[in-house]
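Okay, structure first, notes after.
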Amino acid sequence: MFHLHVIPALKDNYIWLLENSHKQVIIVDPGEAKPVINYLNHHELLPLAILLTHHHIDHVGGVSELKTKYPDIIIYGPREINLPITYLTNQNEVSIGDFNFEVFHLPGHTLGHLAYYCHPYLFSGDTLFSAGCGRIFEGTYQQMLSSLKKLKQLPDDTLVCAGHEYTLANLNFAKNVVPDDKEIMVYFNSIFNKSVTLPSTLNKEKQINLFLRCEEKSLQDKFNFNDELDLFVFFRSLKDNF
């Protein structure tokens, strides 16, 4: 049995910790070190490893300081990260003690972006957000759509542990695009006063995340598109300028 911890960091980042029964933890995307060190000390937790989803500084900024503080810690991530880490470029799984993660290769936000899944926890970095998806900086629209569809195949009870607290902004966008969608409006109202809205469930994301619903014929018809990629490009372009 694992226990999930979340540490707010920087402006709107989340650093995730997954704890086992021995008070050992895996750290995901430490954008800064100090809040992690303080949290570990306060809760008397021992870090075993760091999992990195991509190379952006708000996800890797604390790695060097954490490695200095905890020299035995092992660091895993994609080859795009220019740090002394263990690369997972061609691996589909990684085991660390009694933690076993499925590794997903998800180009789109960046070309080497990874996500990590240890049922029911999905650490999706900047690929899948609650009610949204990441901007496409290095990949293509097709790559990002394919990456999202890959994650959509996970079980409905999957807990989406994304890299940022963007839920309210994403839902505000969604309800402006489809103001008649009751599921989106109800969920917007339910989280309006919450400072932490994650993790969400994949089942909920399938209902309120427009970027996971581009195959829906009703949405394609509503915006006069004939396929999911065209609709995805339309939604992503709208969101980029919202």
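Computed from the coordinates by the stated procedures, all read-outs in this text should not be read as laboratory data. In this text, all values refer to a predicted model and were calculated from it rather than measured experimentally. Virtual Cβ from ideal backbone geometry, glycine too; neighbours counted across all protein chains shown.
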Charge dipole of region 44-178 built from unit charges on the beta carbon (Lys, Arg +1; Asp, Glu -1), centred at mean Cα; most positive-end Cα among PRO84, ILE96, ASN170 is ASN170
About the Cα centre, charge dipole magnitude for region 125-242 (Lys/Arg +1, Asp/Glu -1 at Cβ), debye:
160 debye
For LYS152, list the lysines whose Cα falls under 26 Å from its own Cα; do not include residues on the same chain fewer than 8 positions away.
LYS175, LYS182, LYS194, LYS204, LYS206, LYS217, LYS222, LYS239
Within a Cβ distance under 15 Å of ARG135, other residues only, what is the Lys/Arg minus Asp/Glu net charge?
-3
Testing the spin-label approximation: label points 7 Å from Cα along Cα→Cβ at LYS217 and ASP230. State their distance in nm.
1.6 nm
Cut-off under 5 Å, modelled amide H: who pairs with GLY125 long-range:
GLY163
Round to the nearest 0.05 the FRET efficiency obtained for LYS182 and HIS3 when R0 = 41 Å and r is the Cβ-Cβ distance.
0.75
Please compute the contact order of the chain in relative form: average sequence separation of alpha-carbon pairs under 8 Å and at least six residues apart, divided by the residue count, as a percent.
13 percent
To the nearest 500 deg cm²/dmol, what mean residue ellipticity at 222 nm is calculated for the chain from DSSP H runs of n ≥ 4 alone, each contributing -39,500 (n - 2.57), summed and divided by the residues?
-9500 deg cm²/dmol
Report, for the chain, the % of DSSP beta bridges that are antiparallel, rounded to 5.
65 percent
Residues other than SER237 with Cβ under 14 Å of its Cβ, Lys/Arg counted +1 and Asp/Glu -1, net out at +1
Can you grab the distance from the C-alpha centre of region 148-192 to the C-alpha centre of region 3-78, Å, no decimals?
26 Å
Charge tally in the Cβ shell below 12 Å around VAL6, where Lys, Arg are +1 and Asp, Glu are -1, VAL6 excluded:
-3
For the ASN193, ASP98 Cβ pair and Förster radius 35 Å, calculated FRET efficiency rounded to 0.05 is 0.40
Under-5 Å amide H pairs with THR158, H placed in peptide plane, nonlocal only:
LEU202, ASN203
Is there a quick way to get the dipole size of the chain? I mean about its Cα centre, with the Cβ of Lys and Arg at +1 and of Asp and Glu at -1; what is the value in debye to the nearest 20?
260 debye
